[in-house]
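S.K.: Before I ask anything, here is the structure I am working with.
The values are calculated or read from the model by the stated rules, or taken from the named source; none is laboratory data. Here the structure is a predicted model, which means the values were calculated and not measured. In this analysis, Cβ positions are derived from the backbone assuming ideal geometry, glycine residues included, and neighbour counts consider all displayed protein chains. With ligands, DNA and RNA removed, areas are computed over all heavy atoms of the protein, side chains included. Shrake-Rupley method; radii C 1.70, N 1.55, O 1.52, S 1.80 Å.
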Amino acid sequence: MGYASLDSSLSFPDNNLPPNKKSILITDTLSASGNFLIHHFIVNQIKSDKHVILVGFSQIFNHYLTIGRKLGVNLTLANQKGLLSFIDGLTSLYSQTDLFSKFNSTVTATTTTTTNNQTSVLTCDSLSDSPISKESLHNFYKIIKQIIETRHSSIDDSRVCLIFDDLSVLIYSGFSVRDILEFVKACRMMIEKYNGSLVMLVHADEDITQSSLDDELDQEIFLKSLIYQSEYLLSVRGLGSGFSKDVSGEITIARGPRNQDKWFRPSTLHYKILDNNVQFFVKGFSQGVL
């Protein structure tokens with residue numbers, strides 16, 4: 001699977017996969033990237049023969065491919081088997097090509113669209129007046145929806161996992177907080193309909209030397225809104241005491257506002273990033289901090 005010591009701390013009850021209809025929010029900082037957690041959830045899904053949809057806003061496919069190999073997973077093969085669907089959000093954000101039309105031109109499939117009053121539908125009218133927001137985010141939603149409906153004819157046990165890496169890029173690219181939150185909400189409700197899970201990565205700090213007060217307020221609203229929509233909160237940050245060669249940082253596993261699971265136990269761990277693995281251990285029990 002992914003990182004065994006992290007799995008034991010998360011204690012997800014079904015083969016270490018994120019619980020059905022739940023959202024996981026990963027927050028990190030400029031000094032401590034949470035990207036290694038994204039790879040953990042990708043690997044767990046694929047090794048369990050479950051479908052993962054990865055929307056890469058911050059990295060291209062080769063990045064995930066390289067890390068996947070180190071963790072014992074071939075993402076190219078997973079894609080061929082239908083276990084991985086990758087959407088190149090990083091390139092598409094700055095492309096003038098209609099993303100949805102381009103996607104449709106490379107995929108031939110028959111889809112059946114079902115309607116459900118409880119499913120949130122993202123339309124251009126529900127977004128702001130920004131042309132790029134209406135077109136780009138709506139196209140991303142349509143692609144994700146088409147992938148799910150094509151891949152999962154039955155919604156009973158699809159266990160699809162949708163991963164956004166990372167949503168902060170949308171803010172940096174000029175999308176409004178309102179539009180991004182509407183997009184995330186629509187995707188979350190669609191994923192819940194298919195008994196899937198949602199994993200999101202966002203940055204929890206800002207370079208205040210380059211941010212206006214309005215930007216900082218938008219970031220705070222954005223982060224708090226995502227926290228409110230999540231059941232599990234994984235917060236990655238550097239050591240408060242400074243640099244240590246034996247400890248890369250600290251991760252806090254916390255209960256989100258929507259979490260009612262009685263089995264869940266919050267915890268705080270230290271971690272060390274290695275070439276082919278990440279080690280997690282109880283806070284204060286590494287040689288580097290004893």
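S.K.: Accessible area per residue, 1.4 Å probe, Å², for the range 3-51: what's the number? Don't skip to the answer; put the middle values down first.
M.R.: Numbers: 1560 Å² over 49 residues.
Averaged over the residues of the range 3-51, the accessible area is 32 Å².
S.K.: Could you work out how much longer the chain between residue 20 and residue 135 gets when fully extended? Use 0.36 nm per residue separation minus the Cα distance between them, nm to one decimal. Walk me through the numbers before you get to the answer.
M.R.: Values: separation 115, 0.36 × 115 = 41.40 nm, distance 3.00 nm.
Gain in length upon complete extension: 38.4 nm.
S.K.: Using packing as a proxy for protection, rank 14-21, 76-83 so that the peptide with the highest average count of other Cβ atoms within 10 Å comes first.
M.R.: On the way: 14-21: 17.1, 76-83: 14.5.
Packing proxy ranking, top to bottom: 14-21, 76-83.
S.K.: A further question on this structure: Within the range 224-264, which trypsin sites (Lys or Arg not before Pro) sit in a loop by DSSP and count at most 12 neighbouring Cβ atoms inside 10 Å? Intermediate results must be reported in sequence, preceding the final value.
M.R.: On the way: sites: 224, 237, 245, 255, 258, 262; in loops: 245, 258, 262.
In loop regions of the range 224-264 (DSSP not H, G, I, E or B), the sparsely surrounded trypsin sites (Lys or Arg not before Pro) are 245, 262.
S.K.: For the pairs 224/272; 81/185; 22/50; 70/245, flag any whose C-alpha to C-alpha distance is greater than 24 Å. Walk me through the numbers on the way to the answer.
M.R.: On the way: 224/272 28 Å; 81/185 29 Å; 22/50 16 Å; 70/245 22 Å.
Over 24 Å apart, Cα to Cα: 224/272; 81/185.
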